[in-house]
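Here is the structure we will look at, set down as structure tokens.
The values are calculated or read from the model by the stated rules, or taken from the named source; none is laboratory data. Model, not experiment: these values are computed from the prediction. FYI the Cβ positions are ideal-geometry reconstructions off the backbone, even for glycines, and counts take in every protein chain you see. Protein only, heavy atoms only, side chains kept; ligands, DNA and RNA dropped before computing areas. Shrake-Rupley method; radii C 1.70, N 1.55, O 1.52, S 1.80 Å.
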Amino acid sequence: MKLEWIQHLIVLPVLLPLLCGALLILVNESRHQFKFFVNLTSVLLQLALAIVLIRLTDNGDWMDGIGVYLAANWSAPFGIALVADRLAAMMLLLTAILATAALLYSMMRWSRIGVHFHTLFQFLLMGINGAFLTHDLFNLFVFFEVMLAASYGLVLHGYNTARIRAGMQYIAINLAASLLFLIGVALIYASTGTLNMADLAARIPQVGANDLVFLKIGVAVLAIAFLVKSAMWPLGFWLPTTYSAASPPVAAMLVLMTKVGAYVILRLWLLIFSPDAGAVAGYGYDALLWGGMATIVFGAAGMLASEGLGRMAGYGAIVSSGTLLAVIGYGQASLVTAGLYYLLGSTMAMAAFVLLIELVERIRSPGANMLALTMEAFAIEEKPEETAGVGIPGALAFLGLAFAGCALIIAGLPPLSGFVAKFGLFHALLHPDASNILISSTTWALMTLIVLSGLAAIISLMRFGVRTFWASGAIASPRLHLSEVLPISALLLLCVILTLQAGPVFAYLERTSHDLHRPSQYIDRVISEPAVPNASVSGGRP
């Protein structure tokens with residue numbers, strides 16, 4: 001009975017933002033403080049739920065660390081199943097952390113400049129949480145559409161000309177991706193007769209040769225939809241413009257949404273194209289590997305070519321996404337462990353960075369000339385002004401240190417989590433899971449691209465930092481609110497904690513990767529989950 005009650009916690013990350021968002025629609029926009037309080041309460045409850053789910057999946061409360069919730073009490077594959085495992089719980093926690101930071105940042109200004117911000121924010125969380133928990137491809141499509149529909153309104157929130165232009169491009173691209181998503185799902189159902197992920201993985205080895213062609217086409221079309229969201233080259237051209245135009249709290253959530261596509265690719269490919277998949281085992285891994293490497297090159301070149309922080313952040317997110325896709329395509333369990341650690345650190349650092357952009361822009365003179373600033377940076381005065389004893393204002397000190405912290409993590413320099421993540425990636429690449437596997441030229445190429453992308457980040461961020469904090473001359477200290485400083489500080493502090501606690505975090509992620517590479521256990525756990533006997537659920541099976 002205890003376990004039956006606990007299983008209902010799996011659906012709460014979807015129901016809670018749904019009910020909260022519906023409630024906030026009814027509240028007048030003039031009651032801003034009340035709406036913010038309700039929104040924040042919901043986000044904090046989702047944070048607590050994510051922590052509880054991590055403990056349940058990792059402490060043996062559920063068999064094999066997997067919790068299954070059968071909607072309407074119909075057993076899989078006939079009913080809708082929500083599944084919580086270590087990976088899903090980790091992504092729910094990351095979502096709640098970023099949502100808390102973005103919401104706190106929006107308190108003073110951004111949530112007030114348009115209508116229905118809080119409602120759209122909750123529906124966005126509903127879609128993201130549902131995408132992490134669902135175990136059915138059609139319901140994955142439904143949650144994707146809820147997530148995207150809410151993001152359309154948020155990207156246009158507090159509209160201006162640049163935001164409308166970028167928003168229209170964002171909406172058009174994602175509507176096209178949604179159409180491909182639906183076509184891919186239809187082809188997969190036509191060839192296999194199921195959309196439940198576990199059932200799909202179990203049936204694939206028995207699919208006939210004729211249906212196998214439609215299955216591969218359907219999966220390829222479906223992958224394009226996910227890779228548009230993951231910003232893989234050449235499908236990610238929309239991302240830098242959208243990042244630079246969106247308001248800071250929305251841009252922070254867009255950082256996470258880019259990782260949703262990578263999460264789905266990781267989940268599906270390790271489940272349905274495992275070594276047990278027969279004729280389609282390993283299908284598409286090479287495309288993910290080489291596509292991810294091309295994405296790293298594209299993102300690094302974009303960072304070097306960008307002058308504005310918004311576009312620089314967008315290309316940095318593309319580099320992060322490309323690294324994750326290459327890690328998935330490489331097909332090595334230990335590399336997935338390091339890749340998940342990289343996902344955590346890079347996502348929080350990039351979210352802090354996009355929140356910091358607006359604060360940094362407050363101290364920059366709008367008409368600054370790059371050449372003049374560069375010449376000023378290297379000019380030598382015969383009689384320099386006396387600066388001894390002149391203190392640095394607290395706001396400028398915070399901005400400088402926060403910018404430096406974000407730059408260190410994004411570039412992968414020691415001693416923060418970015419360096420630990422890249423060290424873990426290199427260690428996994430140089431020490432394959434099987435001792436008889438030789439290190440190939442592809443391995444060296446991937447390592448070289450990761451190093452060069454870090455070098456590109458160093459050059460571009462240092463160039464911007466010198467122009468802003470050093471070569472700008474006397475700059476006025478901006479006024480910062482606690483609600484703006486706190487979320488950035490908290491995200492960077494979490495990156496520091498991630499560095500100090502790298503051992504326990506890697507141990508958890510190693511268990512997560514081990515589970516992902518045992519698809520038979522996952523399939524048996526979902527398919528064998530029994531319906532609750534004698535349950536009197538309306539519309540459910542007795």
### Query
Ignoring ligands, DNA and RNA, what percent of the 1.4 Å accessible area of segment 394-463 is carbon and sulfur?
78
#### Entry: Taking all pairs of distinct alpha-carbon atoms in segment 105-173, Kirkwood radius in angstrom
12.8
### Query
Can you give the angle from 0 to 90° between the axis of helix 333-361 and the longest principal axis of the chain, with both taken from C-alpha atoms, to the nearest 10?
40
### Query
With Rg and the Kirkwood Rh both taken from Cα atoms, where does Rg over Rh land for segment 1-75?
1.10
### Task
Could you let me know the centre-to-centre spacing of segment 293-322 and segment 212-284, using Cα atoms, in angstrom?
17
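How much net charge surrounds F36 when only other residues with a Cβ under 15 Å from its Cβ are counted (Lys, Arg +1; Asp, Glu -1)?
On the way: positive: R31, K35, R109, R112; negative: E29, E484.
Counting the neighbours of F36, the net charge comes to +2.
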### Cut-off 19 Å (backbone N to label point 7 Å along Cα→Cβ of Q169), residues of segment 139-160
151-160
### Query
Where does segment 59-197 land on Rg/Rh, using Cα atoms and the Kirkwood Rh?
1.04
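To the nearest 0.05, how large is the calculated FRET efficiency for V27 and L430 if R₀ is 56 Å and r is the Cβ-Cβ distance? Could the numbers behind the result be given before it?
Working: r = 56 Å, r/R0 = 1.00.
Once the sixth-power term is evaluated, E becomes 0.50.
Mean residue ellipticity at 222 nm from the helices of the chain, using -39,500 (n - 2.57) per DSSP H segment of n ≥ 4 over the full residue count, to the nearest 500 deg cm²/dmol? Spell out each step's value before the answer.
On the way: 21 runs with 377 residues, N = 542.
That comes out to -23500 deg cm²/dmol.
Just to confirm a number: summing +1 for Lys and Arg and -1 for Asp and Glu over residues other than S247 whose beta-carbon lies under 12 angstrom from that of S247, what do you get? Let's see the in-between values first.
Values: positive: R109, R112, R163; negative: E358.
The answer is +2.
Tally Lys and Arg at +1 and Asp and Glu at -1 over the other residues with C-beta under 15 Å from the C-beta of V260: what net charge comes out?
On the way: positive: K229, K259, R267; negative: E145.
Net charge around V260: +2.
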### Task
Could you tell me the largest-minus-smallest coordinate of the C-alpha atoms of segment 124-238 on each of the three principal axes, in descending order and whole angstroms?
54, 28, 18
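Just the ratio, please: alpha-carbon radius of gyration of segment 48-132 over 2.2 N^0.38 Å, N its number of residues. Could you put the intermediate results ahead of the total?
Details: Rg = 16.0 Å, N = 85, 2.2 N^0.38 = 11.9 Å.
Relative to the 2.2 N^0.38 Å estimate, segment 48-132 comes out at 1.34.
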### Summary
With a 1.4 angstrom probe the carbon and sulfur portion of accessible area for segment 166-286, in percent, totals 69
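How far, in nm, would the chain grow between T161 and E307 when pulled straight, counting 0.36 nm per residue and subtracting the alpha carbon separation?
On the way: separation 146, 0.36 × 146 = 52.56 nm, distance 2.03 nm.
Gain in length upon complete extension: 50.5 nm.
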### Query
Cα axis of helix 482-500 to longest principal axis of the chain: angle in degrees, 0 to 90, nearest 10?
70
### Task
Note the count of lysine pairs whose C-alpha atoms are less than 25 angstrom apart in the chain, limited to pairs 8 or more residues apart or on different chains.
5
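On average, how much accessible surface per residue is there in the chain, in Å², for a 1.4 Å probe, leaving out ligands, DNA and RNA? It would help to have the intermediate numbers written out before the result.
Numbers: 22390 Å² over 542 residues.
Using a 1.4 Å probe on heavy atoms only, each residue of the chain averages 41 Å².
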### Query
What are the semi-axes of the equivalent ellipsoid of the chain, taken as the square roots of 5 times the eigenvalues of the Cα gyration tensor, listed largest first and rounded to whole Å?
40, 28, 21
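Name the longest site-free stretch of the chain, where the excluded sites are GluC sites (Glu not before Pro) in a DSSP loop with no more than 10 other beta-carbon atoms within 10 Å. Before the final figure, lay out each step's value.
On the way: sites that count: E381, E382, E385, E386.
Excluding the exposed sites themselves, the longest stretch runs over 1-380.
Please compute, over every Cα-Cα pair in segment 222-276, the percentage with a separation greater than 16 angstrom.
On the way: 705 of 1485 pairs.
Tail fraction, whole percent: 47.
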### Task
For the chain, find the longest principal axis of its Cα atoms and tell me its angle to the long axis of helix 32-58, 0 to 90°, nearest 10.
60
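What percentage of the solvent-accessible surface of segment 42-132, computed with a 1.4 Å probe over protein heavy atoms, is contributed by carbon and sulfur atoms?
Details: 1910 of 2790 Å².
Summing carbon and sulfur atoms, their accessible area is 68 percent of the total for segment 42-132.
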### Summary
One finds, for I51 and I6 with R0 = 22 angstrom and r their Cβ-Cβ distance, a FRET efficiency to the nearest 0.05 of 0.95
